[in-house]
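Here, each number is a calculation from the coordinates, and none is a lab measurement. Keep in mind that this is a model prediction, so the values were computed, not measured. Backbone-built Cβ (ideal geometry, glycine too); neighbour counts: all protein chains shown.
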Amino acid sequence: MVLAAGAGRRYGRPKALVEVHGRLLVERTVATLAAGGCDPVTVVLGADAESVAARADLAGATVAVNPEWASGMGSSLRAGLAALAPTPAVAALVLLVDMPGIIPEAVRRLVGLAAPQVLAMAGYHTGRGHPVLLGRAHWAGVAASAVGDVGARPYLRERAEQIRVVPVADVADGGDIDTEADRVRFLAAGEAASA
């Protein structure tokens, strides 16, 4: 599930429409989840949803529009889980749209743990982060606790001992892009790594 509903206030526009290496962030994130083994892929849109849907190539993904996007990430997480509920998915892998340093290999590592009871998070040198894997048995509890801009954090905090941490720092960068300066740093880091 791609959470891409925010207005990107710090960025100045919805981050779903920000371009990195010739692709919109929302397109990159959808492609990353699909290549990492997620099926189906659901994208939650909100702010400027019509423009995002019109400009982005979201072929192969299901779009869920969150009319309450301005209330924070919690409502988008609830909308995404509701969209996945009719599918046979045993778990939902959640990734934020503004994390272009996540690659399919990192997604595959978490997807390999998919089961109804699982709770898993990506592990980085500095701690835990996205992607987050939520087994179907936890969806109702996550949805009930997802309010404001905190998403699944309260639910996961209460179950810290159940969370499997999957190391991905060797293949992924868990940083996000909140500003144009962040985007420029991400691009520069990619160029330096390929030099």
- Amide H contacts of residue 149 (H built 1.01 Å from N, under 5 Å, at least 5 apart or other chain): 73, 74
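How do 2, 111 line up, fewest other C-beta atoms within 10 Å first?
On the way: 2 31, 111 19.
Least crowded to most crowded, the residues run 111, 2.
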- Message: Run the simple label-point estimate for residue 164 and residue 59 please: 7 Å along Cα→C-beta, distance reported in nm.
- Response: 3.4
- segment 83-99 - phi-based ³J(HN,Hα) in whole Hz, Karplus 6.51/-1.76/1.60, Gly and Pro as x: 5, 7, 3, x, 7, x, 4, 8, 7, 10, 9, 9, 9, 7, 5, 9, 10
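Please identify every one of the trypsin sites (Lys or Arg not before Pro) in segment 4-108 that sits in a loop by DSSP and has no more than 16 other beta carbons within 10 Å of its own beta carbon.
On the way: sites: 9, 10, 15, 23, 28, 55, 78, 108; in loops: 9, 10.
Counting only loop positions with at most 16 other Cβ atoms within 10 Å, the trypsin sites (Lys or Arg not before Pro) in segment 4-108 are 9, 10.
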- Karplus (6.51, -1.76, 1.60) ³J(HN,Hα), θ = phi - 60°, over segment 28-33, in Hz, Gly and Pro reported as x: 4, 5, 4, 5, 4, 5
- Going residue by residue through segment 105-120, the Karplus relation 6.51 cos²θ - 1.76 cosθ + 1.60 with θ = phi - 60° gives ³J(HN,Hα) values, rounded to whole Hz and with x marking Gly or Pro, of 4, 5, 5, 4, 4, 7, 4, x, 9, 4, 6, x, 9, 6, 10, 9
- Message: For residue 18, what residues show an amide H to amide H distance below 5 Å, using hydrogens built from the backbone and excluding near sequence neighbours?
- Response: 25, 26
- Message: Need one number: nm distance between label points at residue 50 and residue 181, each 7 Å from Cα along Cα→Cβ, rounded to one decimal.
- Response: 3.5
- Message: Based on alpha-carbon centroids, what's the gap between segment 132-158 and segment 69-87 in Å, whole number please?
- Response: 11
- Going toward the positive end of the dipole of segment 2-194, with +1 on Lys and Arg Cβ and -1 on Asp and Glu Cβ, which of 156, 85, 60 do you reach last? 156
- Note on the structure: For residue 66, other-chain or 5+-apart residues with amide H closer than 5 Å (H placed, Pro excluded) are 45, 46
- Message: Given the -39500 (n - 2.57) contribution per DSSP H run of 4+ residues, what per-residue ellipticity at 222 nm results for the chain, rounded to the nearest 500 deg cm²/dmol?
- Response: -9500 deg cm²/dmol
